[in-house]
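J.: Quick one: the structure is below, and I'll ask about it shortly.
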Amino acid sequence: MREWYSEFIRTFSNVLFAVSLFAMWGLLTLIGVVVDQGKDASTYFDSYPAPIARAIVRLGFDTIYHSPWYVGIIGLILLSLTVCTFKRVIPARLPPLRPVKIEKIPLNAEMDVPGNATDVRARVELFFKSRGWQVRKREFDGNEWSFADKHNWARRGVLIAHIGFVIIAAGTTLYWARGFSGETAILSGQSVEIPETHALIRLDSFNYTIQPIATKSGIVYQPTDYVSRVTATGNDGVSRTETVRVNHPIDIDGTLYYQSSYGFGMHFNVLHNGKIVPSLSARTLFEGDSLQIPGTQRAVLYERFVPTVDRQSGQPAPDPRVNDPAAILTLVDAGNPAGSALVPLKTWVDLGGGWRVIPQQYVLYSGLQYRYDPGVPLVAIGAFILLAGLMISFYFLPARLYVSVRETAGVCTVGIAAMTVKGYDIYETQFNQLIAAFRSA
């Protein structure tokens, strides 16, 4: 058991081991940023090659922040931080006050000073205190030692950074336990209920602005603003009118709703033998939705909306402003694409068997993303504390002087040695200047 414990302490207090854990954590976080989270498996097979899509689904990378890999890495990091803190950082950063062999320390000096030991110790204490050093005295085996510290508080910089990371991990864990996120699309004039919060959001109107910009390669159409005007009803049952813009979310019962996208739904008239089929014509389809033709294996897929058709070429124009709109429809027969067509509004496409589909009217919809993260305040506080700890560790140099005064025949030998948490070379110049001033005084 002692060997196992020693091996455990040696491994989890190793800096390279901790760095490797942080690198793995960063890699998993990067995967979570690159791979859209919480989507259906079909979304990944549509977006990635099949082997990569299978790996994403099987390894849980589609919900990576809730995966055993991610939670396990955070747990190992916290364990490593705990072991490092109590077995390496505290002993190294907060060493006890004890006598040392001054001549064995690389930064050391000795000088003879006339006078008795009591007077010399008082003058030594006054010298260091006048230069901002904190002086403490201890007696060991009848000999008095003086310990002078500068920036002693900065020794706790690494501990503060560790505390900051623990707080960040606590915030991340809180989101994992109680937070959620998702997205929804709302057609103009319609309402949706958010399943996690049961908040009701009605899209009263949606507007967008597209600005043509002249570049060297031609005209570029840049969306400059998306605006959703909604009526939101939260848990209190009170309806409020809100405006959602890009980077300006609204807050409903602590859940933030962001403007993320927009698109065009399409209302189709479906005719069979010249008569409208009400059950199929009453729907408004989002891009990617389909209409199943009754009694057949055929379906019509509404692939995407074309805002403007070039009248000369009859093909989609690059201008995203609605001018001469059309819809791209794909006929799917027994699960296989049988052909596509660009169908202007108010015109039709015949499917055979007396079936006809007419793109009748487009309807704007607004895409909203929502997120409830109760850990955000903790993460913000932890990030500030972590940054403060790192700045303290990097920009301040705590130093400790060990001072011994030994009296022999009316002459006192003063020995001084210096230690820092960052090694001896970094403090050598300052130590030599201090000893020169000490000799002069």
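The values are calculated or read from the model by the stated rules, or taken from the named source; none is laboratory data. Everything numeric here is computed off the predicted structure, so don't read it as measured data. Please note: Cβ atoms are built from the backbone with ideal geometry, for glycine as well, and neighbour counts cover all protein chains shown. These accessible areas exclude ligands, DNA and RNA; they are computed on the full protein's heavy atoms, side chains included. Shrake-Rupley method; radii C 1.70, N 1.55, O 1.52, S 1.80 Å.
J.: How many residues does region 105-126 hold that are aliphatic (A, V, I, L, M) and in a strand (DSSP E or B)?
T.: 3
J.: Could you tell me whether region 296-303 includes any residue that is of a type in the set (A, V, I, L, M) and closer than 24 Å to Leu203 by Cα?
T.: no
J.: Please specify each residue of region 240-280 satisfying the condition of being open to solvent by less than 30 Å² (accessible area, probe 1.4 Å), of a type in the set (Ser, Thr, Tyr) and either within 23 Å of Thr224 (Cβ to Cβ) or in contact with a helix residue (DSSP H, G or I) (Cβ under 6 Å, 6 or more places away or on another chain) (or both).
T.: Answer for region 240-280, where residues must be open to solvent by less than 30 Å² (accessible area, probe 1.4 Å), of a type in the set (Ser, Thr, Tyr) and either within 23 Å of Thr224 (Cβ to Cβ) or in contact with a helix residue (DSSP H, G or I) (Cβ under 6 Å, 6 or more places away or on another chain) (or both): just Tyr257.
J.: Still on this structure, please answer the following. Restricting attention to region 170-209, which residues are modelled with pLDDT of 85 or more and among the aliphatic types (A, V, I, L, M)?
T.: If the condition is that a residue be modelled with pLDDT of 85 or more and among the aliphatic types (A, V, I, L, M), then Ala170, Leu174, Ala185, Ile186, Leu187, Val192, Ile194, Ala199, Leu200, Ile201, Leu203 are the ones that fit.
J.: Please go through region 37-62 and pick out each residue that is at pLDDT 85 or above, surrounded by fewer than 16 Cβ atoms within 10 Å (Cβ to Cβ) and closer than 20 Å to Gly179 by Cα.
T.: The one that is at pLDDT 85 or above, surrounded by fewer than 16 Cβ atoms within 10 Å (Cβ to Cβ) and closer than 20 Å to Gly179 by Cα: Gly60.
J.: Further question on the same structure: Taking region 75-103 only, how many residues are at pLDDT 90 or above and basic (Lys, Arg)?
T.: Residues in region 75-103 being at pLDDT 90 or above and basic (Lys, Arg): 2 in total.
J.: Follow-up. Does region 357-373 contain any residue that is farther than 30 Å from Gln37 by Cα and part of a loop (DSSP other than H, G, I, E, B)?
T.: No, because not a single residue in region 357-373 is farther than 30 Å from Gln37 by Cα and part of a loop (DSSP other than H, G, I, E, B).
J.: Something else now. Take the residues in region 14-35 that are at pLDDT below 90, closer than 26 Å to Pro49 by Cβ and not hydrophobic (A, V, I, L, M, F, W, C); name whichever of them is least open to solvent (accessible area, probe 1.4 Å).
T.: Ranking the candidates gives Gly32 first.
J.: May I pose another question? Test Ala380 against the stated conditions and say whether it is in a strand (DSSP E or B) and under 44 Å from the mean Cα position of the chain (by Cα).
T.: Judged against the criteria, Ala380 is not a match.
J.: How many residues does region 392-441 contain that are free of Cβ contacts under 8 Å to residues at least 40 places away in the same chain, within 22 Å of Ala154 (Cβ to Cβ) and outside any helix (DSSP H, G or I)?
T.: 3
J.: Related question: Starting from residues that are buried (at least 19 other Cβ atoms within 10 Å of the Cβ) and more than 28 Å from the chain's Cα centre (by Cα), keep the ones in region 384-403 and report whichever is farthest from Phe128 (Cα to Cα).
T.: Pro398
J.: Still on this structure, I have one more. So, in region 307-344, exactly how many residues are assigned to a loop (DSSP other than H, G, I, E, B) and under 21 Å from Ile293 (Cβ atoms)?
T.: Initial filter on region 307-344 (assigned to a loop (DSSP other than H, G, I, E, B)): 307, 310-315, 317-323, 325, 334-335.
Retained after the next criterion (residues that are under 21 Å from Ile293 (Cβ atoms)): 334-335.
Residues meeting the conditions: 2.
J.: Taking Thr85, is it open to solvent by less than 70 Å² (accessible area, probe 1.4 Å), within 30 Å of Glu139 (Cα to Cα) and more than 21 Å from the chain's Cα centre (by Cα)?
T.: Working: open to solvent by less than 70 Å² (accessible area, probe 1.4 Å): yes; within 30 Å of Glu139 (Cα to Cα): yes; more than 21 Å from the chain's Cα centre (by Cα): yes.
When the stated conditions are applied, Thr85 passes them.
J.: Additional query: Pairs under 6 Å by beta carbon, first residue basic (Lys, Arg) in region 300-322, partner at pLDDT 90 or above and in a strand (DSSP E or B), six or more apart or different chains?
T.: Arg304/Ile328
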